[in-house]
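The values are calculated or read from the model by the stated rules, or taken from the named source; none is laboratory data. If you're wondering where the values come from, they're calculated on a predicted model, not measured in any experiment. Cβ sites come from the backbone with ideal geometry, for glycine too, and all protein chains shown count toward neighbours.
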Amino acid sequence: MRLLTHNMLSSNIKGVVNGFPLRIEAEKVIHKEVDLNPDFLRNIFSKIEWRALSDAARSLGYAELPEEAEESMLDSDEFLGKFHHALLEIHLEEGALVCPETGRKFSVSKGIPNMLLHEDEV
Amino acid sequence: MKLKQLESLLGNLQQFSNPKVELEQYPTGPHIASRMLYMAENSYGDVTEKVVADFGCGCGTLGAAAALMGAEQVFGIDVDSESLEMATANAEDLELDIEFVQCDIRNLGWRGSSVDTVVMNPPFGTRRKGADMEFLCAALKIASGAVYSLHKTSTRDHIKRAALRDFGAKTAEVLCELRFDVPQLYKFHKKKEVDVAVDLWRFEPKD
């Protein structure tokens, strides 16, 4: 699971008001290199909750992202490289996503988060 | 990518070995999947360099087709873990980077407007009434650009009304009518192969 995906998912348990961002518990993290596409990064930037991304990256051992970011930073190749790496190349392979309100854990196995709810959570 | 090439690549994908009737798991054949994504890109520019989500992805055929057509990021979402395993293997075979999430579409917690296009071959709602509508409703909430979906031609008026009136779609258009070959997968199928008329729809969510 890429951090891009983490940035979109929220806990949808009945009664939870703010299920985003999910806290990450990592057991296994892998890195997969992919080509950098500056246009895509510039496009997606405005849709990313930056603080959630930089915190998630840090919790997985990548502390290179600034705590805050603004659009003008996209002109820097160095910044793009770090943004690209955090968003698309770091994968949570095994672990869990934790609902920030209830502490309920959603397991991540073979890179796939299991967001299925129990009957009493719907 | 040419249509023929797309269809032939999709033809190599594994399909359900034990389809689950309660989920109405019918494979989306390479013929339909390739035409759906080819049209989405070449007539509307809804795929290349876009973020595409495949709802109820099953073995991942539509998502793979989107990735092959140059989608920048593809998400495949399904409730069934066996389907996701197969979809993962299919994506790996084609060397495609697809992100999978296990979730019931009805309870999907998805933030923001990152997904441009949703493509889906939802359950037709013949086994569990309304399943097709739940997919459509969720897709129109999450897509910011367009939704492509297959529905039985016999439900055309109903789909149009629900999309425009209940789910707030700005447009709802049938792009073409296709024949969906449902092979004899389940015991309750009496005939060897059933030919179902389906519409390929394109919806635009409201701004």
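Among the residues of the stretch A:18-64, write down those that are over 25 Å from B:LYS50 (Cα atoms) and without any contact (Cβ under 8 Å) to a residue 24 or more places away in the chain.
Across the stretch A:18-64, the qualifying residues are A:ARG58, A:ALA63, A:GLU64.
Mind checking which residues of the stretch B:142-185 are basic (Lys, Arg), within 16 Å of B:GLU204 (Cβ to Cβ) and crowded, with 17+ Cβ neighbours inside 10 Å?
Within the stretch B:142-185, B:LYS160 is the sole residue that qualifies.
Filter the stretch A:18-35 for residues that are within 12 Å of another protein chain (Cβ to nearest Cβ) and surrounded by fewer than 16 Cβ atoms within 10 Å (Cβ to Cβ); which is nearest to B:ARG106 (Cα to Cα)?
Here the answer is A:ASN18.
Examine the stretch A:10-17 for a residue that is more than 27 Å from B:ARG106 (Cβ to Cβ), surrounded by 16 or more Cβ atoms within 10 Å (Cβ to Cβ) and in contact (Cβ under 8 Å) with a residue 24 or more places away in the chain, and state whether such a residue exists.
Scanning the stretch A:10-17, I find no residue that is more than 27 Å from B:ARG106 (Cβ to Cβ), surrounded by 16 or more Cβ atoms within 10 Å (Cβ to Cβ) and in contact (Cβ under 8 Å) with a residue 24 or more places away in the chain, so the answer is no.
Would you pick out the residues in the stretch A:39-61 that are exposed (fewer than 13 other Cβ atoms within 10 Å of the Cβ) and within 24 Å of B:VAL47 (Cβ to Cβ)?
A:ASP39, A:SER46, listed by residue number.
Restricting the search to the stretch A:105-122, which residues are in contact with a Gly (Cβ under 8 Å, 6 or more places away or on another chain) and within 9 Å of another protein chain (Cβ to nearest Cβ)?
The one that is in contact with a Gly (Cβ under 8 Å, 6 or more places away or on another chain) and within 9 Å of another protein chain (Cβ to nearest Cβ): A:MET115.
Among the residues of the stretch A:86-104, which ones are more than 14 Å from chain B (Cβ to nearest Cβ) and in contact (Cβ under 8 Å) with a residue 40 or more places away in the chain?
Passing the criteria: A:ALA86, A:GLU94, A:GLY95.
Contact list please: Cβ distance under 6 Å, first residue in the stretch B:20-39 and on the phi > 0 side of the Ramachandran plot, second residue not in a helix (DSSP H, G or I), pairs at least six apart or on different chains.
What qualifies is B:GLU24/B:PRO123; B:GLU24/B:ARG127.
Quick one: which helices (runs of 4 or more DSSP H) lie wholly within the stretch B:56-149 and hold at least 1 residues that are within 10 Å of another protein chain (Cβ to nearest Cβ), acidic (Asp, Glu) and over 19 Å from B:ALA40 (Cβ atoms)?
Fully inside the stretch B:56-149 and qualifying: B:81-93.
Would you point out the residue of the stretch B:22-43, among those that are farther than 20 Å from B:SER83 by Cβ and among the charged types (D, E, K, R), that is surrounded by the most Cβ atoms within 10 Å (Cβ to Cβ)?
Selected residue: B:GLU41.
Quick grid of which residues meet (1) within 27 Å of B:ASN18 (Cβ to Cβ); (2) under 14 Å from the mean Cα position of the chain (by Cα); (3) not charged (D, E, K, R):
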position	(1), (2), (3)
B:ALA66	yes, yes, yes
B:SER81	yes, no, yes
B:GLU92	yes, no, no
B:VAL118	yes, yes, yes
B:ASN121	yes, yes, yes
B:LYS129	yes, no, no
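Scan the stretch A:93-101 and give yes if some residue there is modelled with pLDDT of 95 or more and farther than 30 Å from A:VAL17 by Cβ, otherwise no.
yes
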